[in-house]
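Inspection log for the structure reproduced underneath, given as structure tokens.
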Amino acid sequence: MPINVNSFADFVRDWEGLLAAAKELADQLPNVEPHTAELEAALLEVKALKDAQDTHQANRQRATQELKEALGRGKDSAIKLRGFVKAKIGPRSELLVRFGVPPLRKRTRKPVEKPAPTEGEGSKPAP
């Protein structure tokens, strides 16, 4: 195997060149046919598996796109349903909580706490 054969294309090119060279010099390489047949079978299998991998990748990408579209439709439907429920039962109904919608509630004010007097404040100074 030559140096720097790492990618799929490098392997295929290397194996095809190896097979071509073996066929050209078959008369000088007795009993090479079993070895070339084995490499040809491996090459065909690798090419078929690469085609299947590419098909799976395309299918995965298509499925991802379809999933995103379906999620978008679902989100829109959920917004419509929540809006319908809010319109039907009222914006202040506590039942909205069951639909994931916060009801309108009266704001309550927190009482303002006066700080406790510290020593020296509010007391008469000592004579």
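The values are calculated or read from the model by the stated rules, or taken from the named source; none is laboratory data. The shown structure was predicted, so the numbers you read here are calculated from the model rather than taken from an experiment. We place every Cβ from the backbone using ideal geometry, glycine too, and count neighbours over all the protein chains shown. With ligands, DNA and RNA removed, areas are computed over all heavy atoms of the protein, side chains included. Shrake-Rupley method; radii C 1.70, N 1.55, O 1.52, S 1.80 Å.
Does the stretch 49-63 contain at least one residue that is among the β-branched types (Val, Ile, Thr), open to solvent by less than 100 Å² (accessible area, probe 1.4 Å) and out of contact with any His (no Cβ under 6 Å at 6 or more places or on another chain)?
Taking the stretch 49-63 first, the residues among the β-branched types (Val, Ile, Thr) are 55.
Subset that is open to solvent by less than 100 Å² (accessible area, probe 1.4 Å): 55.
With the extra rule that they be out of contact with any His (no Cβ under 6 Å at 6 or more places or on another chain), the set shrinks to 55.
Yes, the stretch 49-63 has at least one match.
Among the residues that make up the stretch 83-106, is at least one of them open to solvent by 100 Å² or more (accessible area, probe 1.4 Å) and aliphatic (A, V, I, L, M)?
no
Test each condition in (1) at pLDDT 90 or above; (2) of a type in the set (D, E, K, R); (3) over 27 Å from Ala9 (Cα atoms) for Glu38 and report the one that comes out false.
For Glu38, the exception is condition (3).
Is at least one residue of the stretch 73-89 basic (Lys, Arg) and in contact (Cβ under 8 Å) with a residue 12 or more places away in the chain? Working first, answer last.
Keep residues of the stretch 73-89 that are basic (Lys, Arg), which gives 73, 75, 80, 82, 86, 88.
Okay, now just the ones that are also in contact (Cβ under 8 Å) with a residue 12 or more places away in the chain, so 82, 86.
Yes; the residues of the stretch 73-89 include at least one that is basic (Lys, Arg) and in contact (Cβ under 8 Å) with a residue 12 or more places away in the chain.
Would you check which residues across the stretch 18-42 are in a helix (DSSP H, G or I) and open to solvent by less than 40 Å² (accessible area, probe 1.4 Å) and list them?
Leu19, Ala22, Ala26, Thr36, Leu39, Ala42
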